[in-house]
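The values are calculated or read from the model by the stated rules, or taken from the named source; none is laboratory data. If you're wondering where the values come from, they're calculated on a predicted model, not measured in any experiment. So basically every Cβ, Gly included, is an ideal-geometry build from the backbone, and we count neighbours across all protein chains shown.
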Amino acid sequence: MKSNLLVCLLASTLGLAALDAHAQVAGAQPLGISVEESSAIVAGWSVRKSILNKPVFNENGQRVGVIHDIIVAPDKSVSYAIIAANQFLGVAHHDVAIPIEQLDFADGKLVLAGATKQAIKSLPEFEYAKVSSAPKPRAQYSNDHH
């Protein structure tokens with residue numbers, strides 16, 4: 001009986017020690033995410049799996065492009081989708097920036113209402129900024145900058 005009690009005490013002590021090793025200290029900022037953020041991730045979805053390199057259709061079911069990138073502003077807002085208007089064998093010939101608010105999901109597809117291949121091709125071509133040094137820190141952006 002004593003040996004069973006000793007085993008239980010030892011196991012519970014080791015279990016508490018393991019909990020203490022991972023306990024967070026008040027006021028400390030751990031790397032990673034909080035419990036609340038973890039819940040949001042579980043309820044959310046992956047941009048890479050759900051959007052990137054996926055076709056975009058108009059409301060008539062016609063394919064009008066492919067999502068190549070998502071632009072995230074320094075304030076963490078998703079601003080624009082970069083859509084390839086003409087893609088052949090994975091190579092984009094004409095990327096355009098579309099405000100993210102114009103995209104929707106319908107029947108499991110990305111939809112850009114009112115779009116046609118020709119309308120997208122007629123938009124100005126999107127080009128990434130030529131960055132010669134590291135991007136600016138977030139603190140250097142104003143709140144209204146996208």
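For the stretch 54-105, a residue qualifies if it is modelled with pLDDT of 90 or more, of a type outside the set (A, V, I, L, M) and either in contact with a Ser or Thr (Cβ under 8 Å, 6 or more places away or on another chain) or not in a strand (DSSP E or B) (or both), and the qualifying residues are Lys54, Asn58, Glu59, Asn60, Gly61, Gln62, Pro99, Glu101, Gln102. Test Lys117 against the criterion of being surrounded by 10 or more Cβ atoms within 10 Å (Cβ to Cβ) and modelled with pLDDT under 90, and give yes or no. When the stated conditions are applied, Lys117 passes them. Residue pairs whose Cβ atoms lie under 8 Å apart, separated by 6 or more positions or on different chains, with the first residue in the stretch 125-146 and modelled with pLDDT of 70 or more and the second β-branched (Val, Ile, Thr), are Glu125/Val96; Phe126/Ile82; Phe126/Val96.
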